[in-house]
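A.B. asks: Here you go, one structure.
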Amino acid sequence: MIHEEYFKQLAQYWSQEMPFNKLLGLEVTQFNSQESTVSIKWHDKLIGNPEQRILHGGVTASALDLAGGVVAAANILSQLPELSPKIISQSLSRLSTIDLRTDFIRPGRGEIFIATAKIIRSGSKVAVARMEMHNENGVHIAFGTGTYMVG
């Protein structure tokens, strides 16, 4: 099986099989070794401020963290000469968030929120990603930087 096929299976796993991601409705829509995209549709259960009806900041941070973690995982996996379920499991068992910084620019208003991430640096132990969140109209809501343990 080629890397892209494994990546497609991983995207489905992260979106549908991880309870927290599923609870929030986070969906990994695209990723490769350099960038990723995670989307989330508005739902009233995601309200952070009932008076303003805006997205909860924790949901924003979670979407950014998933986008950063996904691109970090893909970056590490793409460096391996071959992939198998066992190799993927071993490699991803070490993946964890070391540090996450989220800067909120505007209130989270919209119907669809898109978090994107790009790799800034990837080494044998640590990867760093830069993330952004926009709504469906391209309004910039937040950005962040994530540092991930990868090895």
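A.B. asks: Of PHE113, PHE31, PHE20, which has the largest mean-square fluctuation in a 10 Å C-alpha GNM of the chain?
C.D. replies: Residue with maximal mean-square fluctuation among PHE113, PHE31, PHE20: PHE20.
A.B. asks: To the nearest 20 Debye, how big is the dipole of the range 89-151 about its Cα centre, given +1 on the beta carbon of each Lys and Arg and -1 on that of each Asp and Glu?
C.D. replies: Magnitude of the dipole: close to 280 debye.
A.B. asks: For the pair GLN52 and SER124, how long in nm is the line joining their label points, each one 7 Å along Cα→Cβ?
C.D. replies: According to this spin-label approximation, the distance is 4.6 nm.
A.B. asks: Another question, if that's okay. By how many nm would the segment from HIS43 to GLN30 grow when fully extended, if each residue of separation counts as 0.36 nm and the alpha-carbon distance is taken off?
C.D. replies: 2.5 nm
A.B. asks: Which percent of the accessible heavy-atom area of the range 1-104 goes to carbon and sulfur, probe 1.4 angstrom?
C.D. replies: 51
A.B. asks: Counting only heavy atoms of protein chains, what accessible area per residue, in Å², does the range 6-151 have with a probe of 1.4 Å?
C.D. replies: 52
A.B. asks: Using a simple charge model, +1 on the beta-carbon of Lys and Arg, -1 on the beta-carbon of Asp and Glu, nothing else, what dipole does the chain show about its Cα centre, in debye to the nearest 20? Provide the component values of the computation, followed by the final result.
C.D. replies: Working: 14 positive and 14 negative charges, 57 e Å.
The dipole magnitude comes to about 280 debye.
The values are calculated or read from the model by the stated rules, or taken from the named source; none is laboratory data. Since the structure is predicted, the reported quantities are computational estimates derived from the model, not experimental observations. So basically every Cβ, Gly included, is an ideal-geometry build from the backbone, and we count neighbours across all protein chains shown. When the accessible area is computed, the model is the full protein with side chains, heavy atoms only, and any ligands, DNA or RNA have been set aside. Shrake-Rupley method; radii C 1.70, N 1.55, O 1.52, S 1.80 Å.
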